[in-house]
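Heads up: the structure comes next, in structure tokens.
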Amino acid sequence: MIETVVKVKLPVDETLRIKKNRLTPDVMHGNEPRLAIVSGIHGDEVGGQYICYELIRRIKQDYASLKGIVDVYPAINPVGLDIAKRESPFTDVDMNTCFPGSEGGSIDEYIASQVVKDMEGANVCVDVHSSSIYLKELPQVRMNDRDVDKVLSYAYCLNTDLIWVHPSNTVKEGSLSYALNNIGVKTMVIEAGVALKIYHDYCNKLIDGIFCLMKNMGIWSGETISFKQALVVTDSNIAYINCETSGIFVAELEHGTKVNKGDVIGRIVKVITGAVEEVLTSPCDGLVFSLREYPLVEEGSLIARIAKC
Amino acid sequence: MTVEEIMSVSTDYREDNQIKAFRFGRGRKSAAIVGAMRGNEYQQLYICSLLIHTLERIEERGAIVAGKEIMVIPSLNAHSANIGKKYWGKDNSDINRQFPGNEQGEPTSRIAAKVLSVASEYSYGIQFPSFYLEGEFIPHVRMFATGKENSSLATQFGMPYVVIAKPRAFDMSTLNYNLQMNGRNAFSIYTSTTVNIDEALAGQAVSAVLRFLTRMGIIRYQLHPGYIATVLGDKELVNVKSPASGVLHKCCHINQEVERGDILAEILNPYDGSVISDIIAPFDGIIFFANTEPLAFENSAVFKLIKKLHA
Ligand SMILES: [Zn+2]
């Protein structure tokens, strides 16, 4: 059933609505486990739109296998999605810094507070992101160091290549994930692909993973894949590659490949001189899980992250 | 005065984004003043220019106290200032959300790390940030309640109010929060405008800084003593939200005393101009902040009131 979770009347003849689709078994016993799938906090990330669609479609195709509640919130920043803007279009603030929000602050804080209120009581939440326009990400789960004990066992189900334990922006204080973990909703973030694009192969892998999570939670009795064992990494086993010159980044390898120490990741070339300014090599053996997507770079731009393995 | 480029960030299509420090006096690093971090902070940039201009005169007169040094960094983001963009051009990141930063990190993170390390050498840090809500407020000095704040020092600026605010999640990545965590006294001076230059308010901000530097024994300068500041905590500054969305028609101004029940603003229907709703003062107080945007959103703050504490 499609419900409106937050309603804000906008000043000029329009009402902003944040909606969810609540999928429930035909017969309810009153103690069903509940999973929340969230997306669209960042309006330029669209991978989650496909994931939400496909998840709902597959559940509807086999309602008999649904044994618990799945709440799908595809668009927390609906106006941002409408105009392909990452931040809140009202305040230019990253909505994922506004949680748990408050009633009577900015419009973003109000929305955040109502979203958290609606999700309270869910057992598990997955917040689906698709990176930024700058970096392409292998499907990965992110969680704050603080929450590892509570969420790691669920994160394995999600069928990603990697689980990254790190207080990165999407899971630190101010994020939906941090706020929900504070009130007992075990929450983790998925990052996959790149903003403004849908990578169907990545999305389908994650959808398979969400069904595994549902099975683990007792929400799904249908067929699922056997998920692959993700590599769990912390900052001590990640190498960050930043360039030290400006120019155009030309990749020499595919995103998601395994590299050996010394392998060339790519070059920074100078357009006007036709010269190679910098050759970036891997400082370790590992998996290139983040790779620069937007080719124009400046001093300090992040080019790649490599998980040592 | 000496001018030093403390950092530059190169890009292929423009000249480097240079960050310059203007230093006055020699000796103990006493006060670091940081201006515009966002490209649209023209008022903050302007205040720094006035300050640099005045400090130059003060130095020429030999009125910087011997053994004291002052540094002013007027802008961290000249590139964005030239195009009226708020955030960093290439990746839209906000420098004042990158602290403490990382010298090996991304461009704005590197800028944050460098500026924090340079400013941390000074005993006092003063910054002119812009407010995250669009509006005007009574000029004030703000410090974060970190357990390390010294509110009596903040009163030395002679501004009418000192606000001691509990840091929120995003405040923890600002310069001033991190300066305070590094054991420095860090003050944010708010002067109400950002994109537009207000001469009078800019002048007040400059006077406040010069007053502080004088009282801290860093410069010698004659100034009227300013206000005896009232120190406000989070509890005394209360948001008043709009009950409806529409065109915001304010019936009051900042600094005005209001009584419980007074109409602070009307919310008008954007098409026919009829009054949809009133924003009513919930208690006796003084208007500290007033939203200046033409539209109001339901359940969002339009005013901040100083709650009068009756004896
Ligand atoms: Zn995101």
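The values are calculated or read from the model by the stated rules, or taken from the named source; none is laboratory data. What you see is a predicted model, and the numbers here were worked out from it, not measured in a lab. Heads up, the Cβs are rebuilt from the backbone with ideal geometry, glycines too, and the neighbour counts pull from every protein chain shown.
Across region A:139-150, what is the number of residues that are buried (at least 20 other Cβ atoms within 10 Å of the Cβ), in contact with a helix residue (DSSP H, G or I) (Cβ under 9 Å, 6 or more places away or on another chain) and more than 14 Å from chain B (Cβ to nearest Cβ)? Give the derivation first.
We begin by selecting, within region A:139-150, every residue buried (at least 20 other Cβ atoms within 10 Å of the Cβ); these are A:139-144, A:147.
Still in the running and in contact with a helix residue (DSSP H, G or I) (Cβ under 9 Å, 6 or more places away or on another chain): A:139, A:141-144, A:147.
Narrowing the set further to residues that are more than 14 Å from chain B (Cβ to nearest Cβ) leaves A:139, A:141-143, A:147.
Of the residues in that region, 5 qualify.
Being at positive phi and among the hydroxyl-bearing types (Ser, Thr, Tyr) narrows it down to one residue among A:SER131, A:SER177; which is it? Steps first, please.
Working: A:SER177 fails: at positive phi.
Only one candidate passes the filter, namely A:SER131.
Any idea which of (1) buried (at least 18 other Cβ atoms within 10 Å of the Cβ); (2) in contact with a strand residue (DSSP E or B) (Cβ under 6 Å, 6 or more places away or on another chain); (3) more than 14 Å from chain B (Cβ to nearest Cβ) is the one A:SER131 doesn't satisfy?
(3)
Identify all residues within region A:1-44 that are within 14 Å of chain B (Cβ to nearest Cβ) and within 16 Å of the ligand (Cβ to nearest atom); write none if there are none.
A:HIS42, A:GLY43, A:ASP44
Report yes if A:GLN114 is in a strand (DSSP E or B) and modelled with pLDDT of 95 or more, otherwise no. Don't jump to the end; show me each part of the working.
Working: in a strand (DSSP E or B): no; modelled with pLDDT of 95 or more: yes.
Taking the combined requirement at face value, the residue does not satisfy it.
Looking at B:LEU213, B:LEU201, B:LEU248, can you tell me which residue is within 15 Å of B:GLU136 (Cβ to Cβ) and modelled with pLDDT of 95 or more? Spell out the reasoning first.
Details: B:LEU213 fails: within 15 Å of B:GLU136 (Cβ to Cβ); B:LEU201 fails: modelled with pLDDT of 95 or more.
Of B:LEU213, B:LEU201, B:LEU248, the one residue that is within 15 Å of B:GLU136 (Cβ to Cβ) and modelled with pLDDT of 95 or more is B:LEU248.
Which one is surrounded by the most Cβ atoms within 10 Å (Cβ to Cβ) among residues in region B:7-23 that are under 28 Å from B:ASN196 (Cα atoms) and touching a helix residue (DSSP H, G or I) at 6+ places or on another chain (Cβ under 8 Å)?
Among those that are under 28 Å from B:ASN196 (Cα atoms) and touching a helix residue (DSSP H, G or I) at 6+ places or on another chain (Cβ under 8 Å), it is B:ASN17.
Give me the residue from region A:291-309 that is within 10 Å of another protein chain (Cβ to nearest Cβ) and of a type in the set (A, V, I, L, M, F, W, C) and, out of that set, nearest to A:ASP235 (Cα to Cα).
Step one: filter region A:291-309 for residues within 10 Å of another protein chain (Cβ to nearest Cβ), giving A:294, A:296-302.
Still in the list and also of a type in the set (A, V, I, L, M, F, W, C): A:296-297, A:302.
Details: A:LEU296: 26, A:VAL297: 24, A:LEU302: 15 Å.
Looking at residues that are within 10 Å of another protein chain (Cβ to nearest Cβ) and of a type in the set (A, V, I, L, M, F, W, C), I get A:LEU302.
How many of the residues making up region A:19-45 are β-branched (Val, Ile, Thr) and buried (at least 21 other Cβ atoms within 10 Å of the Cβ)?
Taking region A:19-45 as the starting set, the residues that turn out to be β-branched (Val, Ile, Thr) are A:24, A:27, A:37-38, A:41.
In the following step, the residues that additionally are buried (at least 21 other Cβ atoms within 10 Å of the Cβ) were identified as A:37-38, A:41.
Of the residues in that region, 3 qualify.
On the given criteria, is A:SER177 surrounded by 21 or more Cβ atoms within 10 Å (Cβ to Cβ), away from chain B (no Cβ under 14 Å), touching a residue at least 12 places away in the same chain (Cβ under 8 Å) and within 16 Å of the ligand (Cβ to nearest atom)? If you could, list the steps in order and put the result at the bottom.
On the way: surrounded by 21 or more Cβ atoms within 10 Å (Cβ to Cβ): yes; away from chain B (no Cβ under 14 Å): no; touching a residue at least 12 places away in the same chain (Cβ under 8 Å): yes; within 16 Å of the ligand (Cβ to nearest atom): yes.
No: the conditions fail for A:SER177.
Look through region B:282-300, keep the residues that are in a strand (DSSP E or B) and more than 21 Å from A:LYS7 (Cβ to Cβ), and return whichever of them is farthest from the chain's Cα centre (by Cα).
Here is the first cut: in region B:282-300, the ones in a strand (DSSP E or B) are B:285-291, B:295-296.
Next cut, more than 21 Å from A:LYS7 (Cβ to Cβ) only: B:285-291.
Values: B:GLY285: 23, B:ILE286: 21, B:ILE287: 19, B:PHE288: 15, B:PHE289: 14, B:ALA290: 16, B:ASN291: 16 Å.
Only one residue tops the list, namely B:GLY285.
Of the residues that sit in region A:64-87 and are within 16 Å of the ligand (Cβ to nearest atom) and basic (Lys, Arg), which one is surrounded by the most Cβ atoms within 10 Å (Cβ to Cβ)?
A:ARG86
Looking only at region B:231-248, which residues are exposed (fewer than 15 other Cβ atoms within 10 Å of the Cβ) and either part of a strand (DSSP E or B) or of a type in the set (Val, Ile, Thr) (or both)?
B:GLY233
If we scan region A:245-259, do we find a residue that is assigned to a loop (DSSP other than H, G, I, E, B), of a type in the set (D, E, K, R) and exposed (fewer than 15 other Cβ atoms within 10 Å of the Cβ)? Write out each step before concluding.
In the first step, residues of region A:245-259 are kept if they are assigned to a loop (DSSP other than H, G, I, E, B); the result is A:245-246, A:252-257.
Checking which are of a type in the set (D, E, K, R) leaves us with A:252, A:254.
Filter again for exposed (fewer than 15 other Cβ atoms within 10 Å of the Cβ), leaving A:252, A:254.
Yes, the conditions are met somewhere in region A:245-259.
Has region A:150-161 got any residue that is within 16 Å of the ligand (Cβ to nearest atom) and assigned to a helix (DSSP H, G or I)?
So far as region A:150-161 goes, no, none of its residues is within 16 Å of the ligand (Cβ to nearest atom) and assigned to a helix (DSSP H, G or I).
Evaluate the following for B:ASP198: is it within 14 Å of chain A (Cβ to nearest Cβ), of a type in the set (Asp, Glu) and closer than 29 Å to B:LYS307 by Cβ? Quick ask: steps written out before the conclusion?
On the way: within 14 Å of chain A (Cβ to nearest Cβ): no; of a type in the set (Asp, Glu): yes; closer than 29 Å to B:LYS307 by Cβ: yes.
No: the conditions fail for B:ASP198.
Step by step: first the residues of region A:88-114, then only those that are of a type in the set (Gly, Ala, Ser) and within 8 Å of chain B (Cβ to nearest Cβ), then the one that is nearest to the ligand (Cβ to nearest atom). Which residue is that?
As a first pass, look at region A:88-114 and keep what is of a type in the set (Gly, Ala, Ser): A:88, A:101-102, A:104-106, A:112-113.
From the residues that got through so far, the ones that are within 8 Å of chain B (Cβ to nearest Cβ) too are A:104-106.
Working: A:GLY104: 26, A:GLY105: 22, A:SER106: 19 Å.
Taking the candidates together, the pick is A:SER106.
Output the residues belonging to region B:90-101 that are more than 17 Å from B:VAL195 (Cβ to Cβ), outside any helix (DSSP H, G or I) and at the interface with chain A (Cβ under 9 Å from one of its Cβ atoms).
B:LYS90, B:ASP91, B:ASN92
Taking the options A:VAL269, A:VAL264, A:VAL279, name whichever one is within 14 Å of chain B (Cβ to nearest Cβ), over 30 Å from A:GLN61 (Cα atoms) and free of Cβ contacts under 8 Å to residues at least 24 places away in the same chain. Walk me through how you get there before you give the answer.
Numbers: A:VAL264 fails: within 14 Å of chain B (Cβ to nearest Cβ); A:VAL279 fails: within 14 Å of chain B (Cβ to nearest Cβ).
None of the other options fit; the residue is A:VAL269.
Mind telling me which of the residues A:LYS186, A:LYS197, A:LYS117, A:LYS136 ends up being within 16 Å of the ligand (Cβ to nearest atom) and either within 14 Å of another protein chain (Cβ to nearest Cβ) or surrounded by fewer than 24 Cβ atoms within 10 Å (Cβ to Cβ) (or both)?
Working: A:LYS186 fails: within 16 Å of the ligand (Cβ to nearest atom); A:LYS117 fails: within 16 Å of the ligand (Cβ to nearest atom); A:LYS136 fails: either within 14 Å of another protein chain (Cβ to nearest Cβ) or surrounded by fewer than 24 Cβ atoms within 10 Å (Cβ to Cβ) (or both).
Being within 16 Å of the ligand (Cβ to nearest atom) and either within 14 Å of another protein chain (Cβ to nearest Cβ) or surrounded by fewer than 24 Cβ atoms within 10 Å (Cβ to Cβ) (or both) holds for just one of A:LYS186, A:LYS197, A:LYS117, A:LYS136, which is A:LYS197.
This table checks each residue for (1) within 26 Å of B:GLN44 (Cα to Cα); (2) surrounded by 18 or more Cβ atoms within 10 Å (Cβ to Cβ); (3) under 22 Å from the mean Cα position of the chain (by Cα); (4) within 13 Å of another protein chain (Cβ to nearest Cβ).
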{"position": "B:LEU179", "(1), (2), (3), (4)": "yes, yes, yes, no"}
{"position": "B:ALA205", "(1), (2), (3), (4)": "yes, yes, yes, no"}
{"position": "B:TYR227", "(1), (2), (3), (4)": "yes, no, yes, no"}
{"position": "B:CYS251", "(1), (2), (3), (4)": "no, no, no, no"}
{"position": "B:ILE280", "(1), (2), (3), (4)": "no, no, no, no"}
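Could we say that B:LEU264 is in contact (Cβ under 8 Å) with a residue 24 or more places away in the chain, touching a Cys at 6+ places or on another chain (Cβ under 9 Å), assigned to a strand (DSSP E or B) and aliphatic (A, V, I, L, M) here?
Values: in contact (Cβ under 8 Å) with a residue 24 or more places away in the chain: yes; touching a Cys at 6+ places or on another chain (Cβ under 9 Å): yes; assigned to a strand (DSSP E or B): yes; aliphatic (A, V, I, L, M): yes.
Considered against the rule, which asks whether it is in contact (Cβ under 8 Å) with a residue 24 or more places away in the chain, touching a Cys at 6+ places or on another chain (Cβ under 9 Å), assigned to a strand (DSSP E or B) and aliphatic (A, V, I, L, M), B:LEU264 comes out as yes.
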